[in-house]
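S.K.: There's a structure below that I have some questions on.
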Amino acid sequence: MKSILAAAALMLPATGWAATPVTHFPAGGPLPPGATAPGAGPAFSSAVLAGDTLYVSGTLDIDRATGKPPADAKDDARMVLDNVRKAVEGAGLTMDDLVWVQIFTTDLGNYATFNEVYRTYFKGPMPARAFIGAGSLLAGAHYEVMGVAVRSK
């Protein structure tokens, strides 16, 4: 057992993983059914900042006023990307700090429309990305977007 622990200790980075500051940003806004329990908060954080790396949870295109996604594909894309931007900027980073983005959609036919809107959210090089078809998403959403951002130094 001691040799296993010693080997594991050798694989840790020299700076020590445990020394990395971690900040959780609570989920807010419209949440899908089942995301909260009576007397408890959401079952996830909207984002977690570990050192200079931000992990953004899946974000939906749900309108706060109606609890539903917009009917127009461009409005859908703007809404979900605005929600991602709020999570990223809330942690002190920018959309240009995103290095990896995953987009889940219920309609792959909206690929070009989504891209048209998506491009307007970035000034610099685009992050690596996946655009993935999903049979259905929580709360009837059309898009769910998650990503990883790294603070520029």
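The values are calculated or read from the model by the stated rules, or taken from the named source; none is laboratory data. Quick caveat, the model's predicted, so the values are computed rather than measured. When we count neighbours, we look across all protein chains shown, and the Cβ atoms used for this are built from the backbone with ideal geometry, even at glycine. Note: areas computed on protein heavy atoms with side chains; ligands, DNA, RNA excluded. Shrake-Rupley method; radii C 1.70, N 1.55, O 1.52, S 1.80 Å.
S.K.: Given the criterion surrounded by 14 or more Cβ atoms within 10 Å (Cβ to Cβ), over 12 Å from the mean Cα position of the chain (by Cα), farther than 21 Å from PHE25 by Cβ and of a type in the set (Val, Ile, Thr), identify the matching residue among THR105, THR120.
M.R.: Unique residue meeting the criteria: THR105.
S.K.: Given the conditions (1) closer than 23 Å to HIS24 by Cα; (2) open to solvent by 30 Å² or more (accessible area, probe 1.4 Å); (3) not hydrophobic (A, V, I, L, M, F, W, C), which single one is not true for ASP61?
M.R.: (2)
S.K.: Next question, about the same structure. Restricting to the stretch 123-140, count the residues that are modelled with pLDDT of 95 or more and either open to solvent by less than 80 Å² (accessible area, probe 1.4 Å) or in a helix (DSSP H, G or I) (or both).
M.R.: 7
S.K.: Look through VAL101, VAL80, VAL88 and report the one residue that is in contact with a Lys or Arg (Cβ under 8 Å, 6 or more places away or on another chain) and in contact (Cβ under 8 Å) with a residue 24 or more places away in the chain.
M.R.: Selected residue: VAL101, the only one of VAL101, VAL80, VAL88 that is in contact with a Lys or Arg (Cβ under 8 Å, 6 or more places away or on another chain) and in contact (Cβ under 8 Å) with a residue 24 or more places away in the chain.
S.K.: Filter the stretch 78-96 for residues that are under 16 Å from ALA50 (Cα atoms), assigned to a helix (DSSP H, G or I), open to solvent by 40 Å² or more (accessible area, probe 1.4 Å) and out of contact with any Phe, Trp or Tyr (no Cβ under 9 Å at 6 or more places or on another chain) and give the result.
M.R.: Passing the criteria: only GLU89.
S.K.: If you don't mind, there's one more thing I want to ask. Restricting attention to the stretch 37-57, does a residue exist that is farther than 19 Å from THR23 by Cβ and assigned to a helix (DSSP H, G or I)?
M.R.: Checked against the condition, which is being farther than 19 Å from THR23 by Cβ and assigned to a helix (DSSP H, G or I), the stretch 37-57 yields no hits at all.
S.K.: With respect to ALA112, is the statement that it is of a type outside the set (Val, Ile, Thr), farther than 30 Å from ALA19 by Cβ and not in a loop (DSSP other than H, G, I, E, B) true?
M.R.: yes
S.K.: When you go through (1) more than 14 Å from the chain's Cα centre (by Cα); (2) outside any helix (DSSP H, G or I) one by one for VAL99, which number turns out not to apply?
M.R.: Condition (1) is where VAL99 drops out.
S.K.: Take the stretch 64-77 and flag every residue that is touching a residue at least 24 places away in the same chain (Cβ under 8 Å) and surrounded by 15 or more Cβ atoms within 10 Å (Cβ to Cβ).
M.R.: PRO69, ALA73, ASP76, ALA77
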